[in-house]
Amino acid sequence: MAKRATVADRPRTPRWLRPTIIGVLFAVAFYQMSGWLFHNLKGFLGLLFLAWLFSITIEPIVDRLERFGMRRGAGTGLVLFSLLALTIGFFAVFGTLLFEQIAQLLTTLPDALTRLTDWANRTFDTNFKSGDELLKITPDTLRDLAQRFTPGVLGVLSTLVGALFQILTMLLFVFYMSAEGPQMRRTIASWFPARQQQLIANVWETSVEKAGGYVVSRLILAAAASIFTGIFFLIIGVPYWLPLAIWTGVVSQFIPTLGTYLAIGLPALIAAVQHPLDGVWVIAFGTVYQQVENYVLHPRITARTVSIHPAVAFGSVIVGATLFGPVGALVSVPVVAILQALAESFGHRYELIPEVGGEEPDPDAPELTADNDDYD
């Protein structure tokens, strides 16, 4: 008669199996939760990073005011108020002219497109429809447009209100991040052991230096490009010179690689519609100014910032726009500048061997051995 299997004789479950299963389940749940949070909070995370980038941009000015005896919160408020006053002052001086020229540009754009299409049809023997044929406005068309775009107008108003709320939220975070910057660094460092706190301080200092320097240099270059371009447009009589000059300065500096061509393309098109020779002059000026900026202005202004390869900058913009939308595209290049600076600061490079392009060793140099004092 066969014996019954006792509890001791049954195969035991390995002790590691249950913790492993629980750990895998927790890992899957954490991954799913992280993906859900990232998808729903990526706009807010982008806003936080943009506020941090703004705060470290004004941090050198706030630090100087603090050294002069002003409290850090008051210094941050003074800097933000000064920037707001400068913005209001700019629109007070140029605002009327700017909005008038933008309105005139939008009004005359259909006629400009019509003349451009007619010129293309005559020159290249094409058969494109002109603006007059495309823009046939009838009472029925107006009624249909009103019914179609009335909800869109309400959507635009809600979008403007949301954008204003986001700007105010970002400024609030900028104030706290700048006013409480040293305390925030100490709080973050306190979560790490003493041997790693110096590393945290170095990483923070490098990030502030590179990201802040990049933004400041781009703002200076954008202002310089807008000023010189606006003066040139005004001299040769390009219509709507002020908005086109601002467009050229901003787009050329904050959109890597393609920004240079996009920035000068629109002014050249507008100028060519009025006088074809003016379009040629605009392109020539943009080409010459780009060389002056690359070889004279850019090296001097960005001497303390990290130089990024154009292909890397363009790829970072695509990745940033994919992950965080327009905000990600704006802050992607400073992020890459920070990562590149950290890699250069804490990474290690080795000497190349001759087979891959290194220099030939000096035969007269002493050979390093274990008994050599220079052996590392």
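Read-outs: derived from the displayed coordinates by stated rules, not from any lab. The structure presented is a predicted model; accordingly, all values stated were derived computationally and were not measured. Every residue, glycine among them, receives a Cβ derived from its backbone with ideal geometry; neighbour counts consider all protein chains shown.
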For the range 216-306, the Debye formula with one identical point scatterer on each Cα and no solvent gives log10 I(q)/I(0) at q = 0.17, 0.23 Å⁻¹ as -0.64, -1.11
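Determine the gain in length on full extension of the stretch GLN104-LEU17; use 0.36 nm per residue of separation and subtract their C-alpha separation, reporting nm with one decimal. Don't jump to the answer; show the numbers that get you there.
Details: separation 87, 0.36 × 87 = 31.32 nm, distance 7.37 nm.
Length gained, GLN104 through LEU17: 24.0 nm.
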In nanometres, what is the gap between the two model label sites at LEU199 and VAL296, each 7 Å from Cα along Cα-to-Cβ?
4.6
Of the listed peptides 241-251, 36-46, what is their order by residue-averaged count of other C-beta atoms within 10 Å, with the highest listed first?
241-251, 36-46
Express in nm, to one decimal, how much length is gained between ALA27 and ASN127 on full extension, taking 0.36 nm for each residue of separation and deducting their alpha carbon distance.
29.8 nm
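Suppose R0 equals 25 Å; then what is the FRET efficiency for ILE88 and LEU168 from their Cβ-Cβ distance, rounded to the nearest 0.05?
Calculated transfer efficiency: 0.95.
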